[in-house]
1. Cα centroid distance between segment 57-115 and segment 25-56, in Å?
2. Can you tell me the mean projection area, over all orientations, of the convex hull of segment 5-46's alpha carbons? Units nm², please.
3. For the chain, what proportion of DSSP beta bridges, expressed in % and rounded to the nearest 5, is antiparallel?
4. Binned at 10 Å from 0, what are the whole-percent values of the Cα-Cα distance distribution for segment 3-107, short to long?
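FYI, it's all coordinate maths here, none of it is from the lab. Just so it is clear, the model here is predicted, and its values are computed rather than measured.
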Amino acid sequence: MKVKEILTILKGELIIGKDKLNEEVNLIGAADMMSDVLALSKPGMLILTGNTSAQAVRTAIVTDLMGLIFVRGKEIPPETINMAKGSNLIIIKTNNYMYSACGKLYTAGLRGIDE
């Protein structure tokens with residue numbers, strides 16, 4: 001599934017990554033604890049999270065994620081956005097809660113690393 005399709009499904013707002021709208025996403029996950037992301041993610045994944053701290057971006061960079069989808073319409077601090085701008089990440093914001101966002105993406109065909 002392409003990033004632009006994910007944006008449509010989640011009625012998301014693209015914060016960073018306009019040049020990546022046509023990239024394919026094959027795996028997705030969800031976590032608020034960055035220790036879970038460190039332990040369970042694979043390179044190229046998108047992660048849904050409510051953790052809008054700069055630490056989320058640091059973790060995404062270290063684990064070679066494709067990007068982050070911030071849920072619940074949370075405001076993203078400027079320092080988080082600024083850190084992400086210097087990376088190669090996609091940053092999306094959605095008003096969906098994590099459970100709903102995961103369900104919508106799963107129904108649309110995206111799978112996690114455990115399937």
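1. For segment 57-115 versus segment 25-56, the Cα centre distance is 7 Å.
2. 3.5
3. Among the beta bridges of the chain, antiparallel pairing accounts for roughly 25 percent.
4. 16, 56, 27, 0
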